[in-house]
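**Q** My structure is below; once you've seen it, I'll send some questions.
Here, each number is a calculation from the coordinates, and none is a lab measurement. This structure is a prediction, so every number in the text was calculated from the model and none was measured. Cβ placement follows ideal geometry from the backbone for every residue including glycine, while neighbour counts extend to all protein chains displayed.
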Amino acid sequence: MSEPILLNAGAADSACISPYGAELLSWRSEETDLLWTPDPAVWRQTAPLLFPVVGWTRDGRARVGDDVFPLGLHGFAWRRRFEVAQRSFDRATFVLEDDDETLALYPFAFRFEAHFRLRPGELSVTLTASNRDWRPLPYAVGLHPAFRWPLAGSHAPHAIRFEAAERAEVPVIAPGGLFSSRTRRVPLDGTRLSLSPSLLADEALCFLNAASRRLVYDNGAGAALVVELENFPHIALWSLPPAPFLCIEAWTGYGDPEDFHGDLYEKPSMRILAPGEDARHGAIFRLEKSAAVE
């Protein structure tokens, strides 16, 4: 099956997901379109799934022992066709398994599942990584959805409100997408981060080992997108101003550090699954409309 899968949760809520990359193409709730409309001249995606690495590897390559593999930005799941394993009117499950092409990039047997469930005003996404190899499996997963900015047509200033206090410095991204040891300050006011095009003009804001498991994308006019995370330690915000989107990303790993030359087992923040083991990572996105969303 190659046609996009349409989910419905009543007359006012719908979502569309492509089997290619198991990518969320659209989400509409309460007559509000929440995902940006792709522009091939700017960025042709909406919500890629990241696996088996997040971010850039050095020179687009990864090492496992003495072997080197062409494993580039965000891995390969986002450009592979998934099988539709289950679907109903309000949910769907997509599955990607190793084959000859993936083994040439990442020499492990795996199963990667993406579960989507739509409810009125809410979309949940759960990623499951399973080790089907005879040896430990190093992996990272991530969500990369691009939400509309402005959100719900608001012309008021937008902000991110974190659940907990976060560090007011984020890593500087070095050439090649590598993470440097240098940091730059971000204008956090308590738990509030005011959004502006200039703030997001120079690479992503990466809150590594974030204290928050919940954040609110506030449109300043009574509508907000609440994001609740499960088993995602890192949060990133990314855009390409003046393009009208804000990516609110959830990661288990991140790009290679500038001074890193090891293999995938040694790469910082990679998860290691024992043979036969699996792990679950989830996010709930919920649209709330009120005078104040806490």
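**Q** Across the stretch 116-147, what is the number of residues that are in a strand (DSSP E or B) and not β-branched (Val, Ile, Thr)?
**A** Let us first name the residues in the stretch 116-147 that are in a strand (DSSP E or B), namely 116-119, 122-131, 137-139, 142-143, 146-147.
Those left that are additionally not β-branched (Val, Ile, Thr): 116-119, 122-124, 127, 129-131, 137-139, 142-143, 146-147.
Adding up the residues that qualify gives 18.
**Q** Among what's in the stretch 229-280 and is of a type in the set (Asp, Glu) and surrounded by fewer than 18 Cβ atoms within 10 Å (Cβ to Cβ), pick the residue that is nearest to Ala168 (Cα to Cα). First the steps, then the outcome.
**A** Going residue by residue through the stretch 229-280, those that are of a type in the set (Asp, Glu) are 230, 249, 256, 258-259, 263, 266, 277-278.
Narrowing further to those that are surrounded by fewer than 18 Cβ atoms within 10 Å (Cβ to Cβ): 230, 258-259, 263, 266, 277-278.
Details: Glu230: 23, Glu258: 21, Asp259: 23, Asp263: 31, Glu266: 28, Glu277: 36, Asp278: 34 Å.
Per the stated criteria, the residue is Glu258.
**Q** Checking the condition surrounded by 19 or more Cβ atoms within 10 Å (Cβ to Cβ), within 16 Å of the chain's Cα centre (by Cα), small (Gly, Ala, Ser) and under 30 Å from Leu264 (Cα atoms), which residue from Ala62, Ala22 passes? Outline the logic, then answer.
**A** Details: Ala62 fails: within 16 Å of the chain's Cα centre (by Cα).
Matching residue, one of Ala62, Ala22: Ala22.
**Q** Here are some residues: Val95, Val84, Val172. Which one is closer than 22 Å to Cys247 by Cα, of a type in the set (Val, Ile, Thr) and either touching a strand residue (DSSP E or B) at 6+ places or on another chain (Cβ under 7 Å) or buried (at least 19 other Cβ atoms within 10 Å of the Cβ) (or both)? If you could, list the steps in order and put the result at the bottom.
**A** On the way: Val95 fails: closer than 22 Å to Cys247 by Cα; Val84 fails: closer than 22 Å to Cys247 by Cα.
Answer to the check: Val172.
**Q** Could you list, in sequence order, all residues of the stretch 202-244 that are closer than 19 Å to Gly255 by Cβ and of a type in the set (A, V, I, L, M)? Let's see the steps before the verdict.
**A** First, pick out the residues of the stretch 202-244 that are closer than 19 Å to Gly255 by Cβ: 202-210, 232-240.
Passing the criteria: Ala204, Leu205, Leu208, Ala210, Ile235, Ala236, Leu237, Leu240.
**Q** Also, I was wondering about something else. What are the residue pairs meeting all of these: first residue in the stretch 55-66, first residue over 22 Å from Cys206 (Cβ atoms), second residue of a type in the set (S, T, N, Q), Cβ atoms under 7 Å, and 6 or more apart or on different chains?
**A** none
**Q** For the structure I just gave you, tell me whether Ala129 is within 17 Å of Leu208 (Cα to Cα), buried (at least 22 other Cβ atoms within 10 Å of the Cβ) and of a type in the set (Gly, Ala, Ser). Write out each step before concluding.
**A** Working: within 17 Å of Leu208 (Cα to Cα): no; buried (at least 22 other Cβ atoms within 10 Å of the Cβ): yes; of a type in the set (Gly, Ala, Ser): yes.
It is false that Ala129 is within 17 Å of Leu208 (Cα to Cα), buried (at least 22 other Cβ atoms within 10 Å of the Cβ) and of a type in the set (Gly, Ala, Ser).
**Q** Let me ask something else about it. Need a quick list: strands (runs of 3 or more DSSP E) entirely within the stretch 6-108 having at least 2 residues that are within 25 Å of Ile235 (Cα to Cα) and of a type in the set (Gly, Ala, Ser).
**A** Working: elements: 13-18, 23-29, 62-64, 67-69, 83-87, 91-97.
By residue number, 13-18, 23-29.
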